[in-house]
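The values are calculated or read from the model by the stated rules, or taken from the named source; none is laboratory data. This one's a predicted model, so the numbers in the text were calculated from it and none came from an experiment. Methodologically, a virtual Cβ is constructed for each residue, glycine included, from the backbone with ideal geometry; neighbour enumeration extends over all protein chains shown.
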Amino acid sequence: MKIISQPIPGVVLYRPQVHADERGAFFESASPAILAELGCSDPIVQLNVSRSRARVVRGLHYQVPPMAQGKLIRITQGEAFDVVVDLRAGSSTFGTWASFRLVDAEPLHLWIPPGFAHGFCALVEDTEIIYGVTRPYSPSHERTLLWSDAQLGIPWPGSHGSFVVSAKDLAGCALRDTDPIQRDAA
């Protein structure tokens, strides 16, 4: 595994070791050893698949404790502008965001620890993202940070009027109204 970037402590973009020959290619996406190297001690308990049309923005979603989720992201088809925002209580990078351009031709993986909001903009038709999470989906613990919050200033690719955004995501909370995510009690 090759670590590509660590723009915010805990967030890791990595490329797995790819074994290629005349038949094609193989790589290991996740294992307990890989997750441990990323700083995750929790297992992946649920796999989710999201398929979006071009210009669809999803997020910025997160869950609060005790259901705060770590996420392991990979694009399986298409291309996306992927964003994480640090919402961890006491973090020196609270409110800081990082973005990544993920494409299906490159087997990059993005590890997002608990305490971050996550979202993306599909850049092409039929963009598919598969992501494993460390806690199951819990509607009562789900929150949405406003994707277009001026305080965040995320430069989403394209003009805001051209995006397709759900009513839930349009009603997201501004960063100034978001409570920092406290660490799960052990």
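General observations
- So ILE34, is it among the β-branched types (Val, Ile, Thr), out of contact with any Phe, Trp or Tyr (no Cβ under 7 Å at 6 or more places or on another chain) and touching a residue at least 60 places away in the same chain (Cβ under 8 Å): no
- The criterion of at least 1 residues that are in contact with a strand residue (DSSP E or B) (Cβ under 7 Å, 6 or more places away or on another chain) and polar (S, T, N, Q) is met by the following strands (runs of 3 or more DSSP E) wholly inside segment 55-111: 56-63, 71-77, 97-103.
- Considering residues of segment 114-154 that are β-branched (Val, Ile, Thr), closer than 22 Å to ALA89 by Cβ and not in a strand (DSSP E or B) only, the residue nearest to the chain's Cα centre (by Cα): THR134
- Residue that is surrounded by fewer than 21 Cβ atoms within 10 Å (Cβ to Cβ) and under 15 Å from the mean Cα position of the chain (by Cα), where the choices are ARG51, ARG55: ARG51
- The residues of segment 61-83 that are in contact (Cβ under 8 Å) with a residue 60 or more places away in the chain, of a type in the set (A, V, I, L, M) and touching a Lys or Arg at 6+ places or on another chain (Cβ under 9 Å), listed by number, are VAL64, MET67, ALA68.
- Residues being of a type in the set (Lys, Arg) and touching an Asp or Glu at 6+ places or on another chain (Cβ under 6 Å) are represented in segment 31-51 by at least one member.
- Test: residue in segment 98-108 that is touching a Lys or Arg at 6+ places or on another chain (Cβ under 8 Å), hydroxyl-bearing (Ser, Thr, Tyr) and within 25 Å of LEU47 (Cβ to Cβ): no
- Taking every residue in segment 2-17 that is touching a residue at least 24 places away in the same chain (Cβ under 8 Å) and pairing it with any residue that is of a type in the set (Asp, Glu), at least 6 positions away or on another chain, the pairs with Cβ-Cβ distances below 9 Å are ILE8/ASP86; PRO9/ASP86; GLY10/ASP86; VAL11/ASP86; VAL12/GLU37; TYR14/GLU37; ARG15/GLU106; PRO16/GLU28.
- Selection from segment 155-165 of residues that are part of a loop (DSSP other than H, G, I, E, B) and more than 23 Å from ARG74 (Cα to Cα): SER159
- Residue in segment 19-38 that is among the hydroxyl-bearing types (Ser, Thr, Tyr), surrounded by fewer than 21 Cβ atoms within 10 Å (Cβ to Cβ) and out of contact with any strand residue (DSSP E or B) (no Cβ under 7 Å at 6 or more places or on another chain) present: yes
- First in segment 137-158 and closer than 11 Å to VAL83 by Cβ and touching a residue at least 60 places away in the same chain (Cβ under 8 Å), second anywhere and of a type in the set (D, E, K, R) and surrounded by 12 or more Cβ atoms within 10 Å (Cβ to Cβ), Cβ under 8 Å, 6 or more apart: TRP147/ASP169
- Residue list for segment 3-16, filter: at pLDDT 90 or above and either loosely packed, with under 13 Cβ neighbours inside 10 Å or on the phi > 0 side of the Ramachandran plot (or both): GLY10
- Checked against (1) free of Cβ contacts under 8 Å to residues at least 60 places away in the same chain; (2) within 21 Å of SER148 (Cβ to Cβ), PHE120 meets all criteria but (1).
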